[in-house]
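The values are calculated or read from the model by the stated rules, or taken from the named source; none is laboratory data. Note that the coordinates shown come from a computational prediction; the quantities given were computed from them, not determined experimentally. Virtual Cβ from ideal backbone geometry, glycine too; neighbours counted across all protein chains shown. These area figures cover heavy atoms from the full protein model, side chains too; ligands, DNA and RNA do not enter into them. Shrake-Rupley method; radii C 1.70, N 1.55, O 1.52, S 1.80 Å.
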Amino acid sequence: MAVFSSLAEKLQETFKKLKNKGKLTEADVGEAMREVRVALLEADVSFKVVKEFIGKVKERAVGQEVLESLTPGQQVIKIVHEELTALMGSSQSKIVVSSKPPTVLMLVGLQGAGKTTSGGKLANYLKKQGRQPLLVAGDIYRPAAVKQLQVLGEQLGIPVFSLGTQVSPVEIARQALDHAVARGYDMVIIDTAGRLHINEELMGELKNIKATVKPHEILLVVDAMTGQDAVNVAEAFNHELGIDGVILTKLDGDTRGGAALSVKSVTGRPIKFAGMGEKLDALEPFYPDRMASRILG
Ligand code: GDP
């Protein structure tokens, strides 16, 4: 089972027909776009996103240069590739590193999305880039979250700052920053509480941490396999808290791609990393053009 495989299969079938046709009419393009539309909706891409996407592709594809070119099918596929890439944010969005270390990254998200694991993966990724990350155990509510992060830190050889579960997350974050400054860590990754649902208590606490430590980036961790739910969660977090980017986890199990294709367009915030498995090196920068290539084959 490959990433985006069910979506890819459908789109590739549609485009194979187009390519085999040779010369194309406007009606041929229209028919293909109807199929693309259905495939995207089945992949759980948000309705509004699909509508705009199809509109853009159609407008470009029925132009004379395309239809009268020697390879109209190829041209249409190229346009779809470009528009899919644009939909996911065009170019890769990197983490913004502060000119005055430490750079503080705050990870937020709902329980089970993969937040704690992603914290470890991100620290590992940054360490490989020559950074000195410090992980901060700020999820004091989920039983064993602190321990989970400590185990991850041990496996990776990355220090974990913890004050147990009796000190408030705001205080933990504050002291972690002092600790990082004193010890010369240049990247601080704060794990925060996740709940089953978005509620005022959760947001209130996250807002307090944000106000206290003023993170350079707030990264929302969402589960790709939840499709539109992931997009709705992203919209809500962005509205309530403000986020700078998304870590999209479990893309390795996502055959549909609805969240990957909708998040940027719906929230205006880019996907910065993709989780590609349970292992601690399974985190990749999110490249929109490569993702589009995966979908179109
Ligand atoms: P949290 O509650 O958000 O902190 O979630 P965890 O970090 O504990 O992760 C929940 C589950 O998702 C764990 O079993 C992780 O191994 C798994 N997980 C996290 N990221 C990925 C990913 O990218 N791919 C896969 N296949 N599993 C993941």
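Observations on the model:
- If you look at the Cα atoms of the chain, you get an Rg and a Dmax of 21.3, 70 Å.
- Gaussian network model of the chain, Cα within-10 Å springs - most flexible of Leu40, Leu177, Leu163: Leu163
- The chain - share of DSSP beta bridges that are antiparallel (%, nearest 5): 10 percent
- As a ratio to 2.2 N^0.38 Å, the alpha-carbon radius of gyration for segment 140-283 is 1.08.
- Estimated [θ] at 222 nm from DSSP helical runs (n ≥ 4, -39500 (n - 2.57)) normalised by residues in the chain, nearest 500: -16500 deg cm²/dmol
- Listed by chain and number, the lysines placed with their C-alpha closer than 28 angstrom to that of Lys21 are Lys10, Lys51, Lys56, Lys58, Lys78; residues fewer than eight positions away on the same chain are left out.
- P(r) weight above 16 Å for segment 116-159, C-alpha pairs, percent: 28 percent
- With the biggest extent put first, the Cα atoms of segment 23-62 measure 32, 16, 9 Å across the principal axes.
- GNM flexibility winner over the chain from Pro270, Pro101, Pro215 (Cα, springs under 10 Å): Pro101
- Computed in the context of the full set of protein chains, the accessible area of segment 1-142 at 1.4 Å probe radius has 51% of its extent on carbon or sulfur.
- Alpha-carbon centroid distance for the pair segment 53-96 / segment 269-297, whole angstrom: 20 Å
- Most to least packed among 67-80, 113-126 [average Cβ atoms within 10 Å]: 113-126, 67-80
- Relative contact order, percent, segment 61-169 [alpha-carbon distance under 8 Å, six or more residues apart]: 17 percent
- Label-point gap, in nm, between Lys147 and Arg290 - each point 7 angstrom along Cα→Cβ: 3.6 nm
- Alpha-carbon gyration tensor eigenvalues x 5, square-rooted, for segment 96-221, Å: 20, 16, 14
- One decimal place: the segment Glu82-Gln111 gains 7.0 nm when fully extended, by the rule 0.36 nm per residue minus the C-alpha distance.
- Fraction of accessible area attributable to carbon and sulfur, segment 195-297 (%, probe 1.4 Å): 45 percent
- Full-stretch length increase - Val167, Glu154 - with 0.36 nm per residue and alpha-carbon distance subtracted: 2.4 nm
- Count Lys and Arg as plus one, Asp and Glu as minus one, and take only other residues whose Cβ is under 10 Å from that of Ala193; the net charge is then -1.
- Neighbour net charge for Ser265 - beta-carbon separation under 12 angstrom, K R +1, D E -1: +2
- The number of Lys pairs in segment 141-297 with C-alpha atoms less than 18 Å apart, excluding pairs fewer than 8 positions apart on the same chain, is 5.
- Each other residue within a Cβ distance under 12 Å of Leu40 adds +1 if Lys or Arg and -1 if Asp or Glu, for a net charge of +1.
- Amide H partners (placed H, <5 Å) of Thr103, local residues excluded: Ser98, Met187, Val188
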